[in-house]
Each structure stands twice: as C-alpha cells, then as structure tokens.
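Please read the structure below before turning to the comments.
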Amino acid sequence: MGVYQRDSRWMVYWHFNGKRHDKSFGRGELAQAKAEKFDQAVRDALEQGLPVPDPESVTASVQVPVPAAGQLEPPATAPIQSFNQVNGRVPGGMLLSELGSKYLAHMKASGRTEKHIRNIEHLVNHVFIPVLGDKPVDSLTYQEDMIPFILHFQGVSSRTGKVRSQYTVNKYCDYLSFIFNFGIDNGFTSVNPLKIWKKPKVQPWDMKLTLDDAKKIMVNAEPHLKWAMEVCFNLGTRPGESELLSLKWEDIDFKASTVRIYASKTKTYRTVPINPEFLKRLEKEQAESQTGYVIEYMGRKLTTIRKAFKNACKRAGITYQTRMYDLRHLFATTLLRKGADLAAVSKMMGHSTVKMTADTYYHYMEGEKERAVNLLPALEVA
C-alpha cells in the first residue's frame with residue numbers, strides 16, 4: 001500500500017482479500033494531503049483487521065496546509081515551488097508516467113495487440129510507478145532506484161503470497177528498459193538507469209505433460225476446455241487470444257484440409273494441414289457453433305481459459321506444474337518423436353528458423369542420436 005502519482009493525480013493503492021484497489025484524490029496540494037490521510041487510515045484499519053474505511057469520511061476534514069503562526073509567507077515575487085523541487089528532485093524533465101503514456105501511444109501506432117498494450121499499461125500504472133514513484137526519468141539511477149526496484153520484485157508477491165520467479169523479474173526489467181530506451185531514442189529523456197543491469201539466466205521450462213496426462217485433464221475438463229485442448233494439440237496453436245481463442249471458422253479451408261493461423265506475436269500467417277480424422281471433428285463442431293469462433297462458451301467468444309485449465313488439472317490429480325502452452329509443445333515433440341521432418345514441424349509451429357525449433361525441442365527426442373549412428377554402414381576392408 002502507499003501513495004503515488006498517476007498523470008499528476010494523487011493516488012492510494014492497497015491490497016485486500018488478494019485484490020489490488022486504487023483510489024484517486026485528484027490533483028494539487030489538497031489532493032496530496034487527502035491521499036496521505038487516507039493511506040494512513042487504510043494502514044491502521046488493515047493492521048487492526050478492520051474494514052477499509054470510506055475515503056470521503058476519512059478525508060472530509062482535510063484542508064490545504066497553511067503556514068504556522070509566526071511563519072513568514074513566501075515573498076510575492078518568489079516562484080511557486082513544484083512538488084519535485086520541494087522533495088529535492090531535479091526540476092523539469094519528463095515524469096515516468098508521461099513517458100509511459102507516450103510509449104503506450106507508440107505501441108498503439110505500431111499495431112501491437114490490445115492485450116499487450118493493456119498489459120504494459122497495467123505494469124506502468126500499477127507496478128512500476130507505485131514502486132519507483134512518479135519521478136523525472138532523468139533523475140533515476142541504478143544504485144538508488146533500480147537496485148531497490150529489482151530487490152523488491154525478487155521478494156514475495158502480495159497477490160499470490162509466493163516468491164516471484166526470476167522470469168517475472170526479468171520481464172519487468174525488460175519492459176521498463178524498453179520504455180527508457182524509447183525515451184532516449186525520441187529525445188524525451190537522456191538516461192536508461194537499467195543499462196548496466198545484467199539479466200540473470202532463467203531455468204528453461206520443464207515440460208512434463210504427457211499424452212496420457214493430457215487425456216486425464218480432458219476427462220476432468222468442462223466441455224469448452226476439452227474442445228480447446230483438442231484444437232490446440234491438433235493444430236499446434238499458441239493458446240490464449242494470440243492464436244487459439246481468435247481462430248475463426250472462416251480460417252479453415254475444409255476442401256483443402258488446411259487452417260490459416262494468424263500469429264499476433266509475430267504478425268505473420270502460417271498454413272497448417274489438418275489430420276483427416278480431426279477435420280471430421282471440426283465439421284461436427286462447426287455445425288453446432290453459435291459464433292464465428294472455433295472456441296466459444298455459451299454462445300460467446302472466450303478471452304481466457306487459464307483458470308478452467310488449472311481447475312481441470314487439479315481435479316485430474318496432476319501435481320506437477322503444467323499449462324495450456326504445453327499442448328503446443330506436445331504437438332511438436334509428438335510429431336518429431338514419430339519421425340516428422342524437422343523443417344515441416346518448424347513451419348507448422350510458426351518459428352522463424354529451423355534452428356529455433358531444433359534448439360527448443362531436440363532434447364525431447366530421446367534416442368535420436370543412437371538411431372542416427374545406427375544408420376552408418378560398416379567401413380571395413382578384407
């Protein structure tokens with residue numbers, strides 16, 4: 001919990017019942033005083049196990065601070081100090097919130113997906129600014145600001161109660177560094193305080209999902225999830241809105257037995273052939289569909305199936321960590337283990353190079369090196 005600024009507005013944030021809450025008090029000195037008063041009231045209430053008080057009641061009596069008796073008013077000719085000057089910050093310069101807004105506008109103009117833009121907007125307003133403060137970007141330093149920022153996120157998440165993964169910490173730092181570099185490239189700011197930060201290596205995801213376990217999950221899945229899993233595995237799509245949940249019936253060519261998949265991540269199309277047996281399943285589902293989307297729920301488009309998948313895994317007794325994305329991995333590893341051409345699998349996955357596919361999946365192909373050397377003829381002479 002704490003007080004921060006967003007677009008010059010004074011905000012208070014706190015966590016209750018596992019959810020984050022934010023309250024705006026407007027702009028100016030009065031808003032700042034109200035925000036600080038309410039922040040303290042929230043802290044007191046949560047410490048005592050009481051409900052969060054009504055902000056209007058708490059701040060009703062707050063007034064703009066006036067000079068104490070005997071304290072001289074500033075000369076009429078003296079310039080009014082800004083909040084940044086009062087707090088010893090470098091006057092002027094673009095604030096983090098302002099640079100974040102310009103970066104979001106840049107991403108919209110660049111055609112980035114709405115989901116990705118919403119994600120960055122959330123990080124700027126609810127993750128970066130509350131921890132760093134809405135300071136001028138050029139006043140930020142690695143020692144004074146970035147190291148505490150990194151150490152903070154290497155701690156326990158107030159939302160999940162678990163220590164954040166290094167992958168999450170790296171992602172936060174990467175996004176923040178992108179924003180800083182954008183500011184430098186456009187002449188808005190002059191520093192990237194994360195420039196000297198070295199990204200720690202992250203342990204690769206340990207994909208444990210098997211075909212048998214995937215079937216167990218499907219048995220315990222709701223009908224819409226069961227179908228989504230079947231589509232994801234048969235077409236090798238990325239789960240979520242990036243591919244799977246955005247797939248439309250018009251993308252499927254039933255005569256040619258192919259599907260045209262648009263990857264919002266890479267902004268490219270790829271064509272994937274459809275297994276004859278699965279094509280029949282698609283024809284049956286299309287006949288009963290109520291929307292233009294291949295995956296739907298009660299006559300409407302889905303935006304996420306993550307929670308449904310997690311619940312199905314729990315009911316199926318799957319104790320190791322797994323995710324919908326593992327079905328895409330299972331699509332690739334199953335084909336490669338059965339002798340499918342590496343280049344063909346790479347094309348169906350939508351990878352930019354065959355090397356990327358090999359680097360990602362070769363270690364799953366048990367026995368391939370042994371099978372390769374057994375192909376060698378004998379080299380001997382009488």
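Brief remarks on what is shown
- Calculated FRET value between R20 and A372, using beta carbons and R₀ = 56 Å, to 0.05: 0.55
- Accessible area per residue was computed with a 1.4 Å probe on protein heavy atoms; E230 scores about 40 Å².
- Simple rule: put +1 on each Lys or Arg Cβ and -1 on each Asp or Glu Cβ in the chain, find the dipole, and look at I274, N220, L123; the Cα lying farthest toward the positive end is I274.
- At R0 = 30 Å, FRET efficiency that the Cβ-Cβ distance of E36 and E121 yields, to 0.05: 0.70
- Paramagnetic label zone (point 7 Å from Cα along Cα-to-C-beta, E222; backbone N under 14 Å) in region 268-285: none
- Rounded D (µm²/s) - region 198-268, Kirkwood Rh over Cα pairs, Stokes-Einstein at 4 °C, 1.567 mPa s: 90
- On a per residue basis, the chain carries 60 Å² of accessible surface, using protein heavy atoms and a 1.4 Å probe.
- Over the Cα atoms of region 309-382, the radius of gyration divided by the Kirkwood radius equals 1.18; this is the Rg/Rh ratio.
- Kirkwood's formula applied to the C-alpha pairs of region 262-378 gives a hydrodynamic radius of 17.5 angstrom.
- Cα long-axis angle, helix 276-288 against the chain (0 to 90 degrees, to the nearest 10): 50
- Eigenvalues of the alpha-carbon gyration tensor of region 113-196, scaled by 5 and square-rooted, set the equivalent ellipsoid semi-axes at 21, 16, 11 angstrom, largest first.
- Degrees, to the nearest 10: 306-316 long Cα axis against longest axis of the chain: 60
- Partner lysines whose Cα lies under 21 Å from the Cα of K265, excluding those fewer than 8 positions away in the same chain, are identified as K108, K115, K171, K248, K301, K347, K355.
- Placing unit charges on the Cβ atoms of the charged side chains and taking the dipole of the chain about its Cα centre, the candidate lying farthest along the positive direction among S57, C313, G28 is C313.
- When the surface is traced with a 1.4 Å probe over the full set of protein chains, M298 keeps roughly 150 Å² accessible.
- Based on the reciprocal of the average 1/r between different C-alpha atoms, the Kirkwood radius for the chain equals 25.4 Å.
- Shape of region 205-344, Cα gyration tensor, a/c cut at 1.5: oblate
- Stokes-Einstein translational diffusion, region 234-301 - Kirkwood Rh over all Cα pairs, 1.567 mPa s, 4 °C, in µm²/s: 105
- When the alpha carbon gyration tensor of region 1-51 is reduced to an equivalent ellipsoid, the three semi-axes, largest first, read 21, 12, 6 Å.
- On region 292-382, 57 percent of the accessible area sits on carbon and sulfur atoms, based on a 1.4 Å probe.
- Alpha carbon Rg of region 121-257, scaled by the compact-globule rule 2.2 N^0.38 Å: 1.48
- Dipole magnitude of the chain about its Cα centre (Cβ charges: Lys, Arg +1; Asp, Glu -1), debye to nearest 20: 760
- Looking at region 271-318, the pairs of alpha carbons with a distance over 11 Å make up 74% of the total.
The values are calculated or read from the model by the stated rules, or taken from the named source; none is laboratory data. Since the model is a prediction, treat every value here as computed from it, not as a measurement. Neighbour counts are summed over all protein chains in view; Cβ atoms, including those assigned to glycine, are modelled from backbone coordinates with ideal geometry. Please note that ligands, DNA and RNA were not included when accessible areas were found on the heavy atoms of the full protein model with its side chains. Shrake-Rupley method; radii C 1.70, N 1.55, O 1.52, S 1.80 Å.
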